[in-house]
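Asker: Structure provided below as structure tokens; questions to follow.
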Amino acid sequence: MSAAVRFKSLLALTGGLALLACSTLPIQATSPGVEQDAITVNARTIENFEVGSQQTRFGDFEFVGGLELSSSNALLGAMSGIRLAADRQRFLGVMDTGYWYAGRLMRDDAGRPIGMEDFVVSPILDAAGEASDEKWLFDAEGLVVRGDDVLVSFERNHRIDIYPAERPGRSTPKGTLPILIPRHEFRGNRGLEMVAVAPETSQLAGAVVTISERSLNDNGDLFAAILTGPSKGVFFVKRDPPFDVTDGDFLPNGDLLLLERRFSIARGVGMRIRRIDGSRLGPGNLVDGEVVLEADYGYQIDNMEGLDVTTDDEGQVFVTLVSDDNHSILQRNLLLEFRYIAD
């Protein structure tokens with residue numbers, strides 16, 4: 001998808017939500033009892049990625065800046081996916097508690113994130129126009145913009161639903177994508193974790209790709225699939241325990257960046273990003289890739305769940321990450337941004 005098309009689509013869908021921020025009262029959505037809320041989000045800037053260090057370069061990643069987000073409104077949290085418009089300010093995301101969120105990043109003159117405004121939250125609706133607080137029905141884990149649509153991946157009730165880009169927070173799904181992976185292969189809370197669209201200029205020519213968090217074949221590899229286009233079919237991603245996939249997005253050249261997370265009582269939380277050669281994506285293939293960034297609690301991370309790749313007007317590539325705090329007082333809502341300077 002071109003930057004211009006992405007900007008037009010994402011601006012339309014975030015605009016449909018962000019217009020609600022001008023009101024201090026909830027506005028009724030299409031379903032009786034379903035409300036959309038504008039909430040105040042406080043943002044503390046994060047100056048350094050490594051705790052206690054002034055270092056900005058981490059391999060091919062240059063830390064731009066970050067935000068720690070908080071609010072007196074209990075709706076803030078559980079952010080599991082994010083997509084930015086081409087202006088790199090407006091954004092749309094999903095929470096795994098069954099909500100959309102949208103707003104605008106405030107940046108300083110150097111492009112560093114310094115705050116957030118126009119933040120709104122809206123329930124994700126089903127085909128009947130209903131929302132639900134039963135998490136297994138709306139455990140949204142990833143999203144991507146494709147033309148006039150936004151695709152949302154769900155686990156537990158495994159599916160990828162298609163919402164109209166215009167006012168998704170007031171809309172029911174207009175359809176669903178066949179997910180190709182046999183349903184019996186999904187592991188409850190380890191299902192469809194990411195969904196991404198390959199660049200039109202890549203070998204996959206705009207195809208939709210999904211990868212599971214930890215649904216494994218007999219060899220212990222992750223189930224994944226190309227869902228559209230002439231190359232559609234199931235493939236596999238090499239798993240490196242204890243890491244699990246939490247999100248991913250394509251670089252402009254067609255390679256895939258995968259965000260992965262680990263957690264244990266002994267070692268705490270860790271994250272890494274793996275780069276997959278896009279030319280290797282195809283039915284029946286097993287793919288692996290180089291780890292290009294890795295961090296633990298010695299860095300400003302938490303339960304990192306969302307990843308988005310964007311480019312600016314100069315062609316610089318940026319990677320934006322968000323964390324899912326699980327609505328726990330022991331965890332944080334983070335937004336981190338890097339400039340990716342690899343070839």
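Asker: Does region 210-240 hold any residues that are closer than 13 Å to Met194 by Cα and hydroxyl-bearing (Ser, Thr, Tyr), and which are they?
Answerer: Within region 210-240, Thr210, Ser212, Ser215 meet the criteria.
Asker: Checking Ser202 against (1) free of Cβ contacts under 8 Å to residues at least 40 places away in the same chain; (2) in a loop (DSSP other than H, G, I, E, B), only one condition comes out false. Which one?
Answerer: Here Ser202 meets the rest and fails (1).
Asker: Which of the residues belonging to region 129-155 are among the aliphatic types (A, V, I, L, M), in contact (Cβ under 8 Å) with a residue 60 or more places away in the chain and more than 18 Å from Asp308 (Cα to Cα)?
Answerer: The one that is among the aliphatic types (A, V, I, L, M), in contact (Cβ under 8 Å) with a residue 60 or more places away in the chain and more than 18 Å from Asp308 (Cα to Cα): Ala131.
One line per residue, one yes/no per condition, for (1) surrounded by 14 or more Cβ atoms within 10 Å (Cβ to Cβ); (2) of a type outside the set (Asp, Glu):
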{"residue": "Glu290", "(1), (2)": "no, no"}
{"residue": "Ala295", "(1), (2)": "yes, yes"}
{"residue": "Gly298", "(1), (2)": "no, yes"}
{"residue": "Leu307", "(1), (2)": "yes, yes"}
{"residue": "Gln331", "(1), (2)": "yes, yes"}
{"residue": "Phe338", "(1), (2)": "yes, yes"}
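Asker: Anything in region 121-137 that is assigned to a loop (DSSP other than H, G, I, E, B) and within 13 Å of Gly169 (Cβ to Cβ)? List them, or say none.
Answerer: Residues of region 121-137 assigned to a loop (DSSP other than H, G, I, E, B): 124-134.
If the condition is that a residue be assigned to a loop (DSSP other than H, G, I, E, B) and within 13 Å of Gly169 (Cβ to Cβ), then Ile124, Leu125, Gly129, Ala131 are the ones that fit.
Asker: Residue pairs, Cβ under 9 Å, 6 or more apart or interchain, first in region 223-247 and more than 20 Å from Ala207 (Cα to Cα), second assigned to a strand (DSSP E or B) and among the aromatic types (Phe, Trp, Tyr). List them.
Answerer: Pro242/Phe263; Asp244/Phe263
Asker: Of these, Thr176, Thr172, which one is more than 28 Å from Leu257 (Cβ to Cβ) and modelled with pLDDT of 95 or more? Walk me through how you get there before you give the answer.
Answerer: Details: Thr176 fails: more than 28 Å from Leu257 (Cβ to Cβ).
After ruling out the rest, the residue left standing is Thr172.
Asker: For the structure I just gave you, tell me whether Phe263 is of a type in the set (Phe, Trp, Tyr) and at pLDDT 95 or above. Spell out how you get there, then give the answer.
Answerer: On the way: of a type in the set (Phe, Trp, Tyr): yes; at pLDDT 95 or above: no.
It is false that Phe263 is of a type in the set (Phe, Trp, Tyr) and at pLDDT 95 or above.
Asker: Being within 27 Å of Gln331 (Cα to Cα), of a type outside the set (Lys, Arg) and either out of contact with any helix residue (DSSP H, G or I) (no Cβ under 7 Å at 6 or more places or on another chain) or without any contact (Cβ under 8 Å) to a residue 60 or more places away in the chain (or both) is true for just one of Asp296, Asp288, Asp218. Which residue is that? Spell out how you get there, then give the answer.
Answerer: Values: Asp288 fails: within 27 Å of Gln331 (Cα to Cα); Asp218 fails: within 27 Å of Gln331 (Cα to Cα).
When all the criteria are applied, what remains is Asp296.
Asker: Against the condition surrounded by 15 or more Cβ atoms within 10 Å (Cβ to Cβ), of a type in the set (Phe, Trp, Tyr) and without any contact (Cβ under 8 Å) to a residue 60 or more places away in the chain, how does Phe250 come out, does it pass?
Answerer: Values: surrounded by 15 or more Cβ atoms within 10 Å (Cβ to Cβ): yes; of a type in the set (Phe, Trp, Tyr): yes; without any contact (Cβ under 8 Å) to a residue 60 or more places away in the chain: yes.
So Phe250 passes the test.
Table: residues versus (1) in a strand (DSSP E or B); (2) touching an Asp or Glu at 6+ places or on another chain (Cβ under 8 Å); (3) of a type in the set (A, V, I, L, M); (4) more than 25 Å from Val152 (Cβ to Cβ).
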{"site": "Val245", "(1), (2), (3), (4)": "yes, yes, yes, no"}
{"site": "Gly248", "(1), (2), (3), (4)": "yes, no, no, no"}
{"site": "Pro252", "(1), (2), (3), (4)": "no, no, no, no"}
{"site": "Glu260", "(1), (2), (3), (4)": "yes, yes, no, no"}
{"site": "Arg274", "(1), (2), (3), (4)": "yes, yes, no, no"}
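Asker: If a residue must be assigned to a loop (DSSP other than H, G, I, E, B) and either buried (at least 17 other Cβ atoms within 10 Å of the Cβ) or out of contact with any Phe, Trp or Tyr (no Cβ under 7 Å at 6 or more places or on another chain) (or both), how many such residues does region 33-59 contain? Steps first, answer last, please.
Answerer: Kept after step one, since they are assigned to a loop (DSSP other than H, G, I, E, B), are these residues of region 33-59: 33-34, 39-41, 47-49, 51-56, 59.
Next cut, either buried (at least 17 other Cβ atoms within 10 Å of the Cβ) or out of contact with any Phe, Trp or Tyr (no Cβ under 7 Å at 6 or more places or on another chain) (or both) only: 33-34, 40-41, 47-49, 52-55, 59.
Going through region 33-59 one residue at a time, the tally reaches 12.
Asker: Would you mind stating whether Val292 is under 30 Å from Gly98 (Cβ atoms), of a type in the set (A, V, I, L, M, F, W, C) and at pLDDT 95 or above? It would help to see each step written out before you state the result.
Answerer: On the way: under 30 Å from Gly98 (Cβ atoms): no; of a type in the set (A, V, I, L, M, F, W, C): yes; at pLDDT 95 or above: yes.
No, not satisfied.
Asker: Within region 262-269, is even one residue crowded, with 19+ Cβ neighbours inside 10 Å, of a type outside the set (Ser, Thr, Tyr) and part of a strand (DSSP E or B)?
Answerer: Initially, region 262-269 is screened for residues crowded, with 19+ Cβ neighbours inside 10 Å, giving none.
Checked region 262-269: no residue is crowded, with 19+ Cβ neighbours inside 10 Å, of a type outside the set (Ser, Thr, Tyr) and part of a strand (DSSP E or B).
The values are calculated or read from the model by the stated rules, or taken from the named source; none is laboratory data. Being a predicted model, the structure only gives us computed values, none of them experimental. Don't worry about glycine lacking a Cβ; one is built from the backbone with ideal geometry, like all the others, and counts go over all protein chains shown.
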